[in-house]
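Following: one structure in structure tokens, then a few remarks.
The values are calculated or read from the model by the stated rules, or taken from the named source; none is laboratory data. Being a predicted model, the structure only gives us computed values, none of them experimental. Heads up, the Cβs are rebuilt from the backbone with ideal geometry, glycines too, and the neighbour counts pull from every protein chain shown. The protein model used for the area step is the full one, side chains on, heavy atoms only, and it has no ligands, DNA or RNA in it. Shrake-Rupley method; radii C 1.70, N 1.55, O 1.52, S 1.80 Å.
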Amino acid sequence: MRLSQDVIEDIRTGNDIVNLISSYVVLNKRGQGYVGSCPFHNDSTPSFSVSPDKQLYHCFGCGASGNAISFVMAKENLDFFSAVKFLADRINYTIPENSFDPKAKYIQNLKKEIISMNTIAARFYYDNLNSEFGQAAREYLDNRKILEKTRKHFGLGYALNRKNSLIEHLTQNGFDLDILKESGLVIETKKGDIIDKFRNRIMFPIFDIMGKVIGFGGRVMDDGMPKYLNSPLTPVFDKSKNLYALNFARKSKANDLILVEGYLDTISMHQAGFTNAVASLGTAFNTNHASVIRKYTNSVTILFDSDEAGVKATLRAIDVLSTAGLKSKVLTLKDAKDPDEFIKKFGAEKLFNLVKNSDNSINYRVNLLKSKYNLDNTDEKVEFTYEVSKILADLGDRVLIDAYAGEVSKITGISEEAIKSHLDKISTTKINDLAFDNTKKNYIPKDKRMDKGLINSVKSLIYIISFNRDIYLKIKNYLSPDEMIYDVYKNLLDIIYKLHDKNENINPADLVSMFETQEEQNAVSEIFNTVLEQEDLKLTEKAVNEQIKRIKIRNIEIKIQNSKNDVNQTTLLLKEKENINKLNITLIDG
């Protein structure tokens, strides 16, 4: 979506950041700002700071940073436009229609139509379930012990066993057939007929985190296949990026989320009081799902089926969560194939105690391996140790590694020293593979690896240039935005230069709003949350010169690396590097 910057800033400034964040976090006045516990990570001491002057927030613990829009994007898991719309609704601000470019306006209107259509379809399915035609579906839900209030809470419904009952209902409500095709609610047969996609199925509306119906899942009522059917990819729905019941779970007071496998498991969990349960939507748990979860918690309890497929799915989920920086625990149920069956057999209280004492994912993987080896056999004991070492080498935490090396030593009788020595070899190999083997998928070319010192120079320069027009006028002819190495800083400095050229004020919160991804907003906000010491101008002059040299030399080094076979070009670049080292920009006259 594209909105004019004026409209975006009207909405942002209309939402005071202290007032906004106070509706999520308890903030206490401290000096010129406010502090509280960070809503984005488990914060043992208040490390979350909000500046009413800058209209920015920053966490000194996890590094989260941004303005009002960034906060809503992170906390509500919304894209940029949806966050702006959320804030507009919060202050009853009507976004002018002419704020959209033609393409964006078309997409936005299409999304509205599909959401509206889905809402009417959900009501139609719900009414069907509670009509004479829904008796078999109601009996099925009765047998599954899904209560009436739970059905209503989740909006459960029933799709009639007819080819066009929904089509007729939606066309009667004024929806065009072309829009129907975009919604995923209908399909076209080989003969060219348009028919309902969902027929004779119990229907599970899928809500986004704002409670809007974005898609559906349907469970067949006979022996038809597939057993479960989901909405296809549409302008409002992507099953690989959404989690079932997250709209409810995100409001739970629990500190983690419980990840289960399906609609009915999730519903049974919520009905039993586990309101933090979510499920992926008919697709394997993936990195997109983990990214969504990370917005709400850093801890997940995996509660999948106990069969072979469930074990494989659990191991995959552990890897995905670990890669995303999330902690995970695993609960393996005995005497029940899934949580729904367990609750019916043993009750919610017993499950609550099991969830509370879930095994961490490292123990789960180690115990799973242990069950595959005969540890009384020396060869198998060694093989088990090698396999466990691969798990431990991925932990990246020396304390954890040492602790588990000790546990493995107790299990196998192999000395801790021998296990740690083997782990060190594995770790060294991994580091070398990542840094030097460009066949690896995670390989990062040398010229693209993040240089903290360089980034600090870039950030410091941008900060100084932003708030000192005189320094900008001295620097602009020596430093181009294109020399800032990383795209976000290139774009930011380009914006700042243009604002200075127009003699306009530079407001950090406004600058953050000019970037649409969380990563970019965080990078921009971090610059302006930095409190630089007010050194005397002479010292600033020296620092600025060193920072500019560092940035320009890094650009020269990248060019040299990219022109190794061109001797003349390399010679010219080396000469240019020599001249840069002599650079001395005078920031103060006299």
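Couple of notes before you dig in:
- For the chain, the normalised intensity computed at q = 0.06, 0.08, 0.10 Å⁻¹ comes to -0.43, -0.76, -1.09 (log10 of I(q)/I(0), Debye sum over alpha carbons, equal scatterers, no solvent).
- For the chain, adding -39500 (n - 2.57) for each run of n ≥ 4 DSSP H residues and dividing by the number of residues yields -16000 deg cm²/dmol at 222 nm.
- DSSP assigns beta bridges within the chain; of those with both partners inside it, close to 75 percent run antiparallel.
- Distance from region 69-84 to region 134-160 (C-alpha centre basis), Å: 34 Å
- Cα coordinate range in region 1-46, projected on the principal axes (Å, largest first): 40, 24, 15
- For region 38-63 and region 457-481, distance of Cα centres in Å: 28 Å
- In this rough spin-label picture, where each label sits 7 Å from Cα along the Cβ direction, the LEU369-ASN164 distance is 6.1 nm.
- Here region 137-296 is treated as an ellipsoid with the same Cα gyration tensor; its semi-axes, largest first and in whole Å, are 28, 19, 14.
- Across region 461-469, rounded Karplus estimates of 3J(HN,Hα) from the backbone phi angles (6.51 cos²θ - 1.76 cosθ + 1.60, θ = phi - 60°) give 4, 4, 4, 5, 5, 4, 9, 9, 5 Hz, Gly and Pro being marked x.
- Using a probe of 1.4 angstrom and keeping all protein chains present, the accessible surface of the chain works out to 52 square angstrom per residue.
- With the convex hull drawn around the C-alpha atoms of region 12-121, the volume per residue stands at 129 Å³.
- Of the chymotrypsin sites (Phe, Trp or Tyr not before Pro) in region 1-98, those whose Cβ has at most 16 other Cβ within 10 Å and which sit in DSSP loop: TYR24, PHE60, TYR93
- Unit Cα scatterers, Debye sum, region 97-157: log10 I(q)/I(0) for q = 0.13, 0.18, 0.19, 0.28 Å⁻¹: -0.50, -0.67, -0.71, -1.10
- Karplus 3J(HN,Hα) series, Hz, for region 405-421 with 6.51 cos²θ - 1.76 cosθ + 1.60 (x for Gly, Pro): 4, x, 5, 5, 4, 5, 5, 9, x, 7, 4, 4, 4, 5, 5, 5, 4
- Proximal lysines to LYS476, defined as alpha-carbon separation beneath 21 angstrom and excluding residues fewer than eight positions away on the same chain: LYS459, LYS490, LYS498, LYS502, LYS538, LYS542, LYS549, LYS552, LYS577, LYS582
- Normalised convex hull volume, region 224-339, alpha-carbon set, Å³ per residue: 113 Å³
- Dipole magnitude for region 244-322: computed about the Cα centre from +1 point charges on Lys and Arg Cβ and -1 point charges on Asp and Glu Cβ, it is near 480 debye.
- Computed over the alpha carbons of region 188-278, Rg followed by Dmax gives 15.0, 52 Å.
- Whole-number percent relative contact order across the chain, with pairs defined as alpha carbons under 8 Å at least 6 apart: 10 percent
- Most positive-pole-ward Cα, ASN503, GLY211, ASN164, against dipole of the chain from beta carbon charges: ASN164
- Cβ-based charge dipole, the chain, positive-most Cα from SER513, THR570, LEU110: LEU110
- Modelled FRET efficiency - R0 56 Å, GLN135 with GLU519, Cβ distances, 0.05 increments: 0.60
- Helix 361-370 axis, angle to the chain major axis (alpha carbon atoms, nearest 10°): 60 degrees
- ILE495 - accessible surface, heavy atoms, 1.4 Å probe, Å² rounded to 10: 40 Å²
- Based on alpha-carbon atoms, the Kirkwood radius and the radius of gyration of region 147-234 give Rg/Rh equal to 0.97.
- Loop-resident trypsin sites (Lys or Arg not before Pro) (DSSP state other than H, G, I, E or B) in region 72-153 with no more than 16 further Cβ atoms inside 10 Å of their Cβ: ARG144, LYS145.
- 0 to 90° range, to nearest 10: angle between helix 567-581 axis and the chain longest Cα axis: 70 degrees
- Applying Stokes-Einstein at 25 °C and 0.890 mPa s to the Kirkwood radius of region 265-408, computed over alpha-carbon pairs, gives a translational diffusion coefficient of 149 µm² s⁻¹.
- For the pair region 298-325 / region 233-259, the C-alpha centres are spaced 16 Å from each other.
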